[in-house]
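Participant: Let me begin by handing over the structure; questions about it come next.
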Amino acid sequence: MASLKVLRAGPLSTIQDLGRRGHRGDGVPLGGALDLHAARVANLLVGNPENSALIEVPLGNASFQFEDERLIAWCGGEFKPQLGPENIPAGRPIRVQSGEELIIGPAGRGCRLWLAISGGIDLPVILGSRSTDLRAAFGGVEGRALRARDEVALGTSASLSTSARISSWSAPVEWSRTSSAHPMLRVVRGAEWEEFTDAGRTAFLNTPFTVSPQCDRMGARLEGVKLEQNQPNERLSEPVAPGTIQVPNDGAPIILLGDCQTIGGYPKIAHVITVDLPFAAQLRPDDVVRFREVSRAEAAALFCARERDLERFRIGLQLRSS
Amino acid sequence: MAREFIPLGDSALVWRLPDSLAKVRAATEKLTAAEIAGLEEIVPAFASVGIFFSSPIDPEASAREILAAMKRRRRRARPAIKPRTIEIPVCYESNFAPDLEAVANHCGLSPNELIDRHRKAHYQVRCVGFTPGFPYLSGLPKELAMPRRATPRTRVPAGSVAIGGSQTGIYSLPSPGGWNLIGRTPLCLFDPQRERPALLRIGDRVRFRAINAEQFEQWPA
């Protein structure tokens, strides 16, 4: 079986897919690609099922060698991956020859990219997913980040005879390039919204926050105006989810991401809407982010529109390949 | 009743309940038995149940549908889920219990008295979270309560039995931790390859049984 050779792994590249559902009652996080939509799009571009395993590369400085001919596609931040001297654009299927090396330098802006390979990554499914659970050390490649000299098995790829080197058609840029110079995350109110002071709520929606160095797959801690509660008190832990913005007693909000714990005891001021989770997944230390409130109806409408567009895109891809 | 369903983001609700294991379990069972459109997952916690959907919802409409679906659910006689009692072997010797003496001092007990009271108590799993398979247990004798450490440890061994405030639990993975470590079990609390990956689940009754270091080391994997 053909494999992908890891030449340079980068700081924390991991195998991910669309995550684990059905095990949160056992404390197993959802996990998966921090931008689920980018993972679906990248997989569709190379002819994979949406939930095929792919590689999440934070911050770049990774390189991979292909043993055989494959289609690849990537979505995410402002990276400049190269095959030899050629720049590889985001959001397009790219035909890679046997023996070629894909080099991913540091990101100009944004934090992560997702790289799909035709045939998908072929690793055992554990608790319904091939995603890497770094904390519990299972899934993906031995429950850990990739290392140089890893050889990652790939599934069987369909024939690529009609593929151009760089396809002339592509996914919408909003899906494939998700970092922004001025990220603005749309939110809905959290369960404990009313428990924050007027000043705190106003500051949350009107002032910028800086991403602190405490930023990883579990969440991004922000610095800025302290968000205070009217009456801080201990509370029992409740279910939380990626996108939840919780505020510990020090007043510094944390945006939870895919590897977050399944329950949390901090008050929840707000929640990033599902269609904006891709932008949360691009935050890196020193980025400045703002929040804007939307209604739940708008959040739902945005999601429905995106799913409709994805369905059209899926159909379009099928027509092209038939 | 619908006002007890609080939105969590755009695609989930949290059903807030009294702080009662029986009520959480009853709610979880009702939700599981009901046929709720678009439901992805049900996640019980101490006094709430998370209801996750695969796409955004209108919270009020969703709450009404959930209530209606629960009413409609087929009331066939199902065998009652028998509560399980799980016995957890614990080594309380000092190498495995770095905070035992401090806890005993804090509680005004000798270490042996602490161990005795800890292992004689009856516990129940209230919630599984923090890390996969980590059980939060109720039933800690009041006199054994001890606040968390001021400085958490960067790494607590898996299997560590710990007290944090009035709660007790067992670290299921090596992880940072701020609770007071009073013993360690050789049992594996979480193994993703097992048929039931988490050893303990909500509602399980737990008893601790003291073992010595030799028994700990020789415990079958």
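Participant: Restricting attention to the stretch B:134-156, does a residue exist that is of a type in the set (G, A, S), in contact (Cβ under 8 Å) with a residue 60 or more places away in the chain, buried (at least 16 other Cβ atoms within 10 Å of the Cβ) and out of contact with any helix residue (DSSP H, G or I) (no Cβ under 8 Å at 6 or more places or on another chain)?
Facilitator: No - not one qualifying residue is present in the stretch B:134-156.
Participant: Same structure, new question: Filter the stretch B:113-130 down to residues that are more than 17 Å from B:L181 (Cα to Cα) and within 14 Å of another protein chain (Cβ to nearest Cβ), then give me how many there are.
Facilitator: Adding up the residues that qualify gives 5.
Participant: How many residues does the stretch B:16-47 contain that are part of a loop (DSSP other than H, G, I, E, B) and either surrounded by 14 or more Cβ atoms within 10 Å (Cβ to Cβ) or within 7 Å of another protein chain (Cβ to nearest Cβ) (or both)?
Facilitator: Here the count works out to 7.
Participant: Which one is modelled with the highest pLDDT, of the residues in the stretch A:84-118 that are part of a strand (DSSP E or B), surrounded by fewer than 22 Cβ atoms within 10 Å (Cβ to Cβ) and of a type outside the set (A, V, I, L, M, F, W, C)?
Facilitator: Only one residue tops the list, namely A:E101.
Participant: Moving to a separate point now. With the requirement that a residue be within 28 Å of B:G139 (Cα to Cα) and surrounded by fewer than 17 Cβ atoms within 10 Å (Cβ to Cβ), what does the stretch B:1-15 give you?
Facilitator: Matches in the stretch B:1-15: B:E4 only.
Participant: Does the stretch A:270-322 hold any residues that are of a type in the set (V, I, T) and not in a strand (DSSP E or B), and which are they?
Facilitator: A:I273, A:T274, A:V275, A:V294, A:I315
Participant: Okay, moving on. State all residues of the stretch A:203-217 that are surrounded by fewer than 18 Cβ atoms within 10 Å (Cβ to Cβ) and assigned to a loop (DSSP other than H, G, I, E, B); if no residue qualifies, say none.
Facilitator: The answer is A:T207, A:P208.
Participant: Sticking with this one: Restricting to strands (runs of 3 or more DSSP E) lying wholly in the stretch B:118-221: which have 1 or more residues that are among the charged types (D, E, K, R)?
Facilitator: Per the criteria, B:123-128, B:153-156, B:180-184, B:205-211.
Participant: Please state which of the following conditions A:I72 fails to meet, knowing it meets all the rest: (1) buried (at least 16 other Cβ atoms within 10 Å of the Cβ); (2) assigned to a loop (DSSP other than H, G, I, E, B).
Facilitator: For A:I72, the exception is condition (2).
Participant: A follow-up question, please. Among the residues of the stretch B:62-74, is any modelled with pLDDT of 95 or more and within 14 Å of another protein chain (Cβ to nearest Cβ)?
Facilitator: Within the stretch B:62-74, one or more residues are modelled with pLDDT of 95 or more and within 14 Å of another protein chain (Cβ to nearest Cβ).
Participant: Taking only pairs six or more apart or across chains, which ones have beta-carbon atoms under 8 Å, a first residue in the stretch A:54-80 that is more than 23 Å from A:V125 (Cα to Cα), and a second residue that is surrounded by 24 or more Cβ atoms within 10 Å (Cβ to Cβ) and among the acidic types (D, E)?
Facilitator: That search, which allows pairs on different chains as well, returns A:C75/A:D35; A:G76/A:D35.
Participant: Name the single residue that is surrounded by the fewest Cβ atoms within 10 Å (Cβ to Cβ) among those in the stretch A:146-155 being aliphatic (A, V, I, L, M) and not in a loop (DSSP other than H, G, I, E, B).
Facilitator: Result: A:A153.
Participant: Moving on. Consider only pairs whose beta carbons are under 8 Å apart and that are at least six residues apart or on different chains; among these, list those whose first residue lies in the stretch A:15-43 and is within 11 Å of chain B (Cβ to nearest Cβ) and acidic (D, E) and whose second residue is part of a loop (DSSP other than H, G, I, E, B) and surrounded by fewer than 24 Cβ atoms within 10 Å (Cβ to Cβ).
Facilitator: Final answer for the pair search is A:D26/B:P197; A:D26/B:R201.
Participant: A further question on this structure: From the list A:S157, A:S180, A:S170, exactly one residue is within 24 Å of A:I254 (Cα to Cα) and among the polar types (S, T, N, Q). Which is it?
Facilitator: A:S180
Participant: Only one residue in A:I273, A:I269, A:I255 is in contact with a strand residue (DSSP E or B) (Cβ under 6 Å, 6 or more places away or on another chain) and closer than 27 Å to B:S20 by Cα. Which one?
Facilitator: Unique residue meeting the criteria: A:I269.
Participant: Now for a separate question. Any residue in the stretch A:231-252 that's more than 7 Å from chain B (Cβ to nearest Cβ): show its pairings with residues that are of a type in the set (A, V, I, L, M) and assigned to a loop (DSSP other than H, G, I, E, B) at Cβ separation under 7 Å, as long as the two are six or more apart or on different chains.
Facilitator: A:P242/A:L30; A:P242/A:L257; A:Q246/A:V240; A:V247/A:L227; A:G251/A:L227
Participant: How many residues does the stretch A:234-266 contain that are over 23 Å from the mean Cα position of the chain (by Cα), within 19 Å of B:C127 (Cβ to Cβ) and either part of a loop (DSSP other than H, G, I, E, B) or basic (K, R) (or both)?
Facilitator: Residues that pass the stated criteria total 6.
Participant: Could you count how many residues in the stretch A:121-145 are more than 17 Å from the chain's Cα centre (by Cα), assigned to a loop (DSSP other than H, G, I, E, B) and away from every other protein chain (no Cβ under 14 Å)?
Facilitator: Counting residues in the stretch A:121-145 that are more than 17 Å from the chain's Cα centre (by Cα), assigned to a loop (DSSP other than H, G, I, E, B) and away from every other protein chain (no Cβ under 14 Å) gives 1.
Participant: Tell me which of these B:P176 doesn't satisfy, since it passes every other one: (1) more than 27 Å from A:P124 (Cα to Cα); (2) surrounded by 13 or more Cβ atoms within 10 Å (Cβ to Cβ); (3) within 14 Å of chain A (Cβ to nearest Cβ); (4) more than 16 Å from the chain's Cα centre (by Cα).
Facilitator: Against the list (1) more than 27 Å from A:P124 (Cα to Cα); (2) surrounded by 13 or more Cβ atoms within 10 Å (Cβ to Cβ); (3) within 14 Å of chain A (Cβ to nearest Cβ); (4) more than 16 Å from the chain's Cα centre (by Cα), B:P176 comes up short only on (2).
The values are calculated or read from the model by the stated rules, or taken from the named source; none is laboratory data. Note that the coordinates shown come from a computational prediction; the quantities given were computed from them, not determined experimentally. Cβ: placed from backbone, ideal geometry, glycine included. Neighbour counts: every protein chain shown.
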